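Notes for the one structure printed next.
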Amino acid sequence: MPTGSVIVVGAGAFGGWTALALLRAGCRRVKLVDAWGPGNSRSSSGDETRVIRGCYGPNAVYTQMVARALPMWRENEQRWGVRLLEPAGALWMGNGAYERAAMRCLREAELPFEEVSAAEGRARWPQMNWDGIEGAVYEPEGGFLYARRACEAVMRAVVAEGGEYVQQQADVTSLAALGEADHYVIAGGPWLGAMFPDIARVTATRQEVFYFGTPAGDARFDERHFPAWVDNSGPPRFYGIPGNEWRGFKAAMDVPGVPLDPSLVDRTPSPAALEQAREFLARRFPALAGAPVVEHRVCQYEMSPDGDLIVDRHPRRANVWLVGGGSGHGFKLGPALGEMAAQMVLSLDAVRAEFGLARFADGAGGGVGERK
Ligand SMILES: Cc1cc2nc3c(=O)[nH]c(=O)nc-3n(C[C@H](O)[C@H](O)[C@H](O)COP(=O)(O)OP(=O)(O)OC[C@H]3O[C@@H](n4cnc5c(N)ncnc54)[C@H](O)[C@@H]3O)c2cc1C
């Protein structure tokens with residue numbers, strides 16, 4: 001074992017799972033540090049729930065990661081006795097080139113799915129208006145994850161399995177102040193860009209999420225009667241999660257918003273975003289037209305320039321690692337991402353070019369991705 005000690009900064013989905021994977025890989029001393037706590041309301045892993053599905057268009061690497069992560073979510077929820085995964089199913093609506101490629105990747109990854117025609121969809125989920133949707137991909141093993149609860153559960157597992165958790169703000173220019181360690185993993189989520197402005201190129205973008213109240217006594221919009229969903233028939237793309245443990249029917253637009261400072265931004269929702277969500281809801285779920293907002297969140301995506309993950313060594317500091325770039329789709333990957341990052345830090349695996357920082361050299365990496 002070449003590495004005895006690692007300090008991980010950031011107890012969100014990425015840092016938490018990386019710390020746990022380091023311990024499970026035999027790392028002797030692991031300290032997890034967070035300024036505000038796992039799944040806190042400023043973090044990208046905050047809020048109640050996140051969609052998990054393997055439908056990723058032609059991006060086979062992520063479908064494979066979901067195939068790895070799904071059983072890990074299940075194993076750990078069993079081990080901890082904490083509900084983390086709601087297997088409500090995941091419904092991706094659209095039937096273009098993206099969906100055809102996704103189905104090839106799902107088949108290769110052996111993730112079960114059904115191709116659903118609009119007529120079948122109408123019969124199966126009549127609470128949704130299928131106008132403008134030509135077909136869908138339904139994953140019966142998909143669904144949603146209890147996000148902030150999972151971050152806390154992972155942190156508690158880190159401590160239970162021999163690691164340490166400390167609430168502390170890290171200064172990435174003087175990491176030794178956190179304690180001596182062989183390696184430092186910086187999983188700063190939407191803060192990563194400000195921490196390493198010349199290297200990480202992660203932008204925190206404003207995302208508004210609304211929980212709408214369903215009609216009294218009406219169970220059609222809970223997780224037993226409707227799956228987690230992404231409507232890719234737009235643009236713009238919308239997505240949502242049913243039930244959320246009786247918190248309401250969640251709906252949000254999946255388009256990166258304006259940049260923000262995740263430490264300081266006021267998280268009051270904007271009338272414009274609410275109006276867009278209401279308009280979409282009335283059209284797609286007519287029974288929810290005019291439904292009251294019962295909860296809301298203002299969160300942020302942590303967009304890398306191409307929407308792909310970042311897992312790499314700092315180019316000038318050999319014992320500093322950057323892990324992030326979840327770009328609005330990373331939560332579900334947590335266990336698989338953590339395992340991958342831990343293997344790299346422990347030199348058991350090489351850095352993978354598709355997640356490497358070199359792809360941003362000379363401004364490469366394309367525009368802002370908008371993968372969900
Ligand atoms: C609205 C929204 C919807 C999304 N939907 C989905 C979805 O449906 N499915 C999906 O898979 N993914 C989804 N995502 C993406 C996913 O949630 C993120 O990719 C993932 O949570 C990122 O985790 P992270 O650990 O990188 O970042 P974070 O969770 O933000 O963790 C970073 C942590 O670092 C800490 N920190 C920051 N600075 C310091 C410092 N100086 N010192 C110490 N600690 C510090 C913060 O407190 C924070 O806890 C969504 C994201 C948003 C915002």
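What follows draws every value from the coordinates through simple rules; no lab data is involved. The model shown is predicted, which means the values in this text are computed figures rather than measured ones. Note: ideal-geometry Cβ built from the backbone for every residue, glycine included; neighbour counts use all protein chains shown.
Annotations
- Nonlocal amide H pairs with R206, under 5 Å, H built at 1.01 Å: G257, V258, L260
- Net length available on complete extension from Q343 to E245 is 31.7 nm, with 0.36 nm assigned per residue and the Cα-Cα distance removed.
- Among beta bridges that DSSP assigns inside the chain, antiparallel share in %, nearest 5: 65 percent
- Relative contact order for the stretch 5-363: 24 percent, from Cα pairs under 8 Å spaced at least 6 residues apart, divided by residue count.
- Here the label points at H225 and R83, each 7 Å from Cα along the C-beta direction, are separated by 1.8 nm in the simple model.
- Net charge of neighbours whose Cβ lies under 9 Å from the Cβ of L70, counting Lys and Arg as +1 and Asp and Glu as -1: +2
- Taking a sphere under 11 Å around the Cβ of A153 and counting the other residues whose Cβ falls inside, with K and R at +1 and D and E at -1, yields a net charge of +3.
- Only one residue of Q78, M65, V137 has its Cα farthest out toward the positive end of the dipole of the stretch 36-167, where Lys and Arg carry +1 and Asp and Glu -1 on Cβ, and that residue is Q78.
- The trypsin sites (Lys or Arg not before Pro) of the stretch 203-249 that DSSP puts in a loop, and whose beta carbon has at most 12 other beta carbons within 10 Å, are R224.
- Sorted by Cβ density within 10 Å, fewest first, the residues S233, S41, S347, S5: S347, S41, S5, S233
- Computed over the Cα atoms of the chain, the ratio of the radius of gyration to the Kirkwood radius (Rg/Rh) comes to 0.96.
- Taking the Cα centre of the stretch 239-283 as origin and assigning +1 to Lys and Arg Cβ atoms and -1 to Asp and Glu Cβ atoms, the resulting dipole is close to 180 debye.
- Local charge for V294 was computed over the other residues whose Cβ lies under 11 Å away, with Lys and Arg +1 and Asp and Glu -1, and equals +1.
- With contacts taken as Cα pairs under 8 Å at a separation of at least 6 residues, the stretch 250-305 carries a relative contact order of 43 percent.
- Burial ordering of E302, E110, E161, E120, fewest other beta-carbon atoms within 10 Å first: E110, E161, E120, E302
- Cα centroid separation, the stretch 129-203 to the stretch 7-55: 4 Å.
- With the helix formula -39500 (n - 2.57) applied to DSSP H stretches of n ≥ 4, the chain reaches a computed 222 nm mean residue ellipticity of -8000 deg cm²/dmol.
- Footprinting exposure proxy ranking of W321, W36, fewest other C-beta atoms within 10 angstrom first, gives W36, W321.
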